[in-house]
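These notes concern the structure reproduced below.
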Amino acid sequence: MIDLEIMRLGYMASQKKRIEIGNYIIKFHRRKVKDTDYMYSIEVYFRGELKHRGFFTEYQNAVMYAGKIMYALL
């Protein structure tokens with residue numbers, strides 16, 4: 001049940017692109033690498049300073065990563 005909540009939070013982050021939770025900012029980026037491939041990056045800022053960054057080639061992994069961070073902050 002927790003995985004669904006984490007995925008829901010991560011999906012919300014991927015749709016909004018930038019989410020603020022207190023002093024934290026989570027940014028979700030998608031870049032096209034080739035014709036059909038994408039690279040996803042998630043950046044976590046605390047008071048304007050970059051604290052964590054993750055790069056993924058699969059959307060599901062990027063969503064789970066962003067969701068876990070959001071779940072921990074809420």
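The values are calculated or read from the model by the stated rules, or taken from the named source; none is laboratory data. Nothing here was measured: the structure is a model prediction, and the numbers come from that model. In this analysis, Cβ positions are derived from the backbone assuming ideal geometry, glycine residues included, and neighbour counts consider all displayed protein chains. Protein only, heavy atoms only, side chains kept; ligands, DNA and RNA dropped before computing areas. Shrake-Rupley method; radii C 1.70, N 1.55, O 1.52, S 1.80 Å.
Considering each residue of the range 23-37, count those that are open to solvent by less than 70 Å² (accessible area, probe 1.4 Å) and either among the small types (Gly, Ala, Ser) or in contact with a helix residue (DSSP H, G or I) (Cβ under 9 Å, 6 or more places away or on another chain) (or both), and give that number. Working first, answer last.
Filtering the range 23-37 for residues open to solvent by less than 70 Å² (accessible area, probe 1.4 Å) gives 25-29.
Subsequent filtering for residues that are either among the small types (Gly, Ala, Ser) or in contact with a helix residue (DSSP H, G or I) (Cβ under 9 Å, 6 or more places away or on another chain) (or both) retains 26-28.
Adding up the residues that qualify gives 3.
Could you list, ordered by first residue, the pairs with Cβ atoms under 9 Å in which the first is in the range 58-74 and in contact (Cβ under 8 Å) with a residue 12 or more places away in the chain and the second is of a type in the set (Lys, Arg), at least 6 apart or interchain?
As it stands, the answer is TYR59/ARG30; ALA62/ARG30; GLY67/ARG8, since those pairs meet every condition given.
Restricting to the range 47-68, count the residues that are within 17 Å of LYS32 (Cα to Cα), open to solvent by 100 Å² or more (accessible area, probe 1.4 Å) and part of a strand (DSSP E or B).
1
Run down TYR24, TYR38, TYR11, TYR45 and say which single residue is within 13 Å of ILE69 (Cα to Cα), among the hydroxyl-bearing types (Ser, Thr, Tyr) and without any contact (Cβ under 8 Å) to a residue 40 or more places away in the chain.
When all the criteria are applied, what remains is TYR45.
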